[in-house]
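The values are calculated or read from the model by the stated rules, or taken from the named source; none is laboratory data. On a predicted model such as this, the values are computed, not experimentally measured, just so you know. Here the Cβ positions follow ideal geometry from the backbone for every residue, glycine too, while neighbour counts run over all protein chains shown. Side chains included, ligands, DNA and RNA excluded: accessible areas come from the protein's heavy atoms. Shrake-Rupley method; radii C 1.70, N 1.55, O 1.52, S 1.80 Å.
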Amino acid sequence: NSEDVRCKCICPPYKDHSGHIYNKNVSQKDCDCLHVVEPMPVPGPDVEAYCLRCECKYEERSSVTIKVGCVILLA
């Protein structure tokens with residue numbers, strides 16, 4: 001399920017740009033700043049330096065397991 005996977009990039013402040021958290025549904029191999037951060041907040045020459053500061057993590061979850069757990073908890 002496409003809602004059960006995402007790449008989350010946490011980018012700290014850089015020069016005059018504030019920090020930001022980016023989420024995007026991409027494959028694990030595409031989980032990096034260049035594929036997730038859109039629109040890129042810095043001009044071309046600063047992209048590499050900006051992306052090196054970002055921390056990107058691939059996350060998976062099972063929504064079926066979460067729903068079953070909620071039903072059991074509420075029953």
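For the condition assigned to a helix (DSSP H, G or I) and modelled with pLDDT of 95 or more, Cys51 qualifies. For region 1-38, residues that are acidic (Asp, Glu) and under 18 Å from Arg53 (Cα atoms) total 4.
A count restricted to region 11-33 and to residues that are surrounded by 14 or more Cβ atoms within 10 Å (Cβ to Cβ) and of a type outside the set (D, E, K, R) stands at 7.
Among what's in region 35-73 and is hydroxyl-bearing (Ser, Thr, Tyr) and touching a residue at least 12 places away in the same chain (Cβ under 8 Å), pick the residue that is least open to solvent (accessible area, probe 1.4 Å).
Initial filter on region 35-73 (hydroxyl-bearing (Ser, Thr, Tyr)): 50, 58, 62-63, 65.
From what's left, touching a residue at least 12 places away in the same chain (Cβ under 8 Å): 50, 58, 62-63.
Numbers: Tyr50: 3, Tyr58: 66, Ser62: 55, Ser63: 27 Å².
That would be Tyr50.
The listed residues are Val64, Val47, and the only one of them that is within 18 Å of Pro12 (Cα to Cα) and not polar (S, T, N, Q) turns out to be Val47. The set of residues from region 1-31 being touching a residue at least 60 places away in the same chain (Cβ under 8 Å) and either in contact with a Leu (Cβ under 7 Å, 6 or more places away or on another chain) or not in a loop (DSSP other than H, G, I, E, B) (or both) comprises just one member, Glu3.
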